[in-house]
1. Lysines within cross-link reach of residue 16: Cα-Cα under 27 Å, excluding same-chain residues under 8 positions apart?
2. As an exercise, identify the chymotrypsin sites (Phe, Trp or Tyr not before Pro) in segment 6-42 lying in DSSP coil whose Cβ has no more than 12 other Cβ atoms within 10 Å.
3. Give the order of 202, 129, 266, 234 when sorted by the count of other beta carbons within 10 angstrom, beginning with the fewest.
4. Among (1) 0.95; (2) 1.01; (3) 0.92, find the value of Rg/Rh (Cα atoms, Kirkwood Rh) that was calculated from the structure presented, and write down its label.
5. Would you mind checking which residues have amide H under 5 Å from residue 42's amide H? H placed 1.01 Å from N; only 5 or more apart, or other chain.
6. Set the Förster radius R0 to 35 Å, insert the Cβ-Cβ distance between residue 246 and residue 53 as r into 1/(1 + (r/R0)^6), and round the FRET efficiency to 0.05.
7. FRET efficiency for residue 192 and residue 151, Cβ-Cβ distance as r, R0 = 35 Å, nearest 0.05?
8. Run the quick spin-label model on residue 273 and residue 184: label points 7 Å from Cα toward the beta carbon, then report their separation in nm to one decimal.
Amino acid sequence: MNIAYISVPYRYGQGKPGTEHGPAAVEEAGLFETLATHGQEAVRYGEAAVLPEDAVREEDAKLKRLEGVVHTTNDLQLLVRDALSEKRFPLLVGGDHSMAIGTIAGLRRSIPRLGAIWFDAHGDLNTPETSPTGNIHGMPLAVALGEGHQRLTEIGGTDVKLQPEHLVFIGLRDVDPGEQELIDRLGIRVYDMEAIRTRGMEAIMKEAIAYLNETTDAFYLSFDMDGLDPSLVEGTGTRVADGVMLEDAQTVLNSCAEQENFIAAEFVEVNPLLEEGNGTAILANALIGNLLQAMKNQHLVK
């Protein structure tokens, strides 16, 4: 299991300072020790390029800090593409969730029918026309589906990067009207908190992975820390009540790790400036450790 660790120290997809320090906070929490313990081979593969603050203009209130997002996500998709071409497992730590524009574009270069499990409190399906904030971290999935500004949708090529039937939401509970319209219109599969409570995460993950396995070549996990219950994560910017608890989150990770066609994972929205101490980054590192250990166990079983 060859791990390519890619850091994305930026915040331009949203307005709060701090997510640019997310990778460093997770590293301080012991990430390199975690990689050494659980990875058969782990390298610091690269760091996505980030524009300096004075180079990022905010000319459009409906599409804030576009230059910064385009610059970083375009560089990131190249890093992800190259890591996958070398048969490495891209493990990304951010950074706000707009980075997923680059992650998905890079994976799509090698995986024609790419699937995604989106662990998140939010839909991230807004466009400049539907977004209440203009923050691009609420738009990465719309971009991947071909909806939104051309400079974003064409990162990594002009083709649509993700099909709606290749996407599964886990833990969704805060959806804007425009996002809900898109979910309903495209028939995107959603497992919200009510489904998790009534059916249990094990049954949901079994069903979700079977669903993706029917129509995709491989899938990746996008893990937003705000998908967790707020009692677990103080250092993330858009916490939403009634979230996923730790045991269920570990079930998500274990379920993904068991699959041979699980090809990448990203952990996003760690903001150490929002808390005293480093608790959210420590938790992110522990979750990464859980994932890598489960992947290692699966490899040993093979």
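Coordinate-derived values only; no laboratory data. Every value quoted in this text rests on a predicted model; they were computed, and no experiment measured them. Cβ atoms come from the backbone with ideal geometry, glycine included; neighbour counts cover every protein chain shown.
1. Once the sequence-local lysines are set aside, what remains near residue 16 is 62, 64.
2. none
3. Ascending number of Cβ neighbours within 10 Å: 129, 202, 234, 266.
4. (3)
5. Placed amide hydrogens put 3 under 5 Å from residue 42.
6. The pair residue 246/residue 53 has a calculated efficiency of 0.50.
7. 0.65
8. Result for the modelled spin labels: 3.8 nm.
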